[in-house]
Amino acid sequence: MVKRFLLATALTLTATMSTTSASAFSPMPEASPEASPFGPACSAIEGSLPTIAGQPVGTAISDVKELSTLADALEQAGLTDKLNSAEDLTVFAPTNEAFEAIPQETRDKVMADKAQLTKILSNHVVEGRNEPADLEDATLTTLGGGEVTAKGSEDNLMVDDAKVVCGNVPTKNATVYVIDKVLMPK
């Protein structure tokens, strides 16, 4: 009787270990091509992609040096934590160069005016995670209440008059599209 119990236990453990081992060491399925970031500027953040994929969007932006001006502006406006706690967003993230294209005097005024800064930054965020196909011909309502128009394809995707230079970048709670211009409210 004891021998049968031990044999049954050994067989159960062996079967369980075989099943568990197979699944524990099975390769993870690869992301579909639709979920892959695209664009010429993606190479500048490539090393950061695995790290930022697990971070909320405000934190992820602050970890990408090409978006440091945006990160500073979000912090100045008190929006970093709000973005981090939100769910399912699309963020159009202007590069440092996009901010530098704005005259210094104007930038300084906007950075000093929290209400104006918040209005401008809110014009870069929409609810929902938008895939590239969703942006081929779309008018989107921003969290600031304005609208932005997206059109084109991965090779030439535009948001208003800003070109997407790295798109479809996943973070924990948002999809980011890095753009070459600041989207001013209309």
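Odds and ends about this structure:
- Of all residues in segment 104-126, those that are within 24 Å of the chain's Cα centre (by Cα) and not in a helix (DSSP H, G or I) total 4.
- Filter result for Asp155 (of a type in the set (D, E, K, R) and modelled with pLDDT of 95 or more): no
- Of the residues making up segment 105-124, at least one is in contact with a strand residue (DSSP E or B) (Cβ under 7 Å, 6 or more places away or on another chain) and surrounded by 21 or more Cβ atoms within 10 Å (Cβ to Cβ).
Per-residue answers, yes or no, for (1) modelled with pLDDT of 95 or more; (2) touching a helix residue (DSSP H, G or I) at 6+ places or on another chain (Cβ under 9 Å); (3) over 18 Å from Cys166 (Cα atoms):
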position	(1), (2), (3)
Met28	no, no, yes
Ala41	no, yes, no
Thr51	no, yes, no
Leu74	yes, yes, yes
Asp81	yes, yes, yes
Glu97	yes, yes, no
Lys109	yes, yes, yes
Leu121	yes, yes, yes
His124	yes, yes, no
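- Consider segment 40-94 and keep the residues that are touching a Lys or Arg at 6+ places or on another chain (Cβ under 8 Å), among the polar types (S, T, N, Q) and closer than 18 Å to Lys172 by Cα. The one that is surrounded by the fewest Cβ atoms within 10 Å (Cβ to Cβ) is Gln55.
- Enumeration of residues in segment 147-186 that are part of a loop (DSSP other than H, G, I, E, B), of a type in the set (Lys, Arg), surrounded by fewer than 17 Cβ atoms within 10 Å (Cβ to Cβ) and in contact with an Asp or Glu (Cβ under 8 Å, 6 or more places away or on another chain): Lys186
- Applying the condition of being in a strand (DSSP E or B) and over 15 Å from the mean Cα position of the chain (by Cα) to segment 127-146 and asking which residue is surrounded by the fewest Cβ atoms within 10 Å (Cβ to Cβ) yields Thr139.
The values are calculated or read from the model by the stated rules, or taken from the named source; none is laboratory data. The model shown is predicted, which means the values in this text are computed figures rather than measured ones. Neighbour counts run over all protein chains shown; Cβ positions are idealised from the backbone, glycine included.
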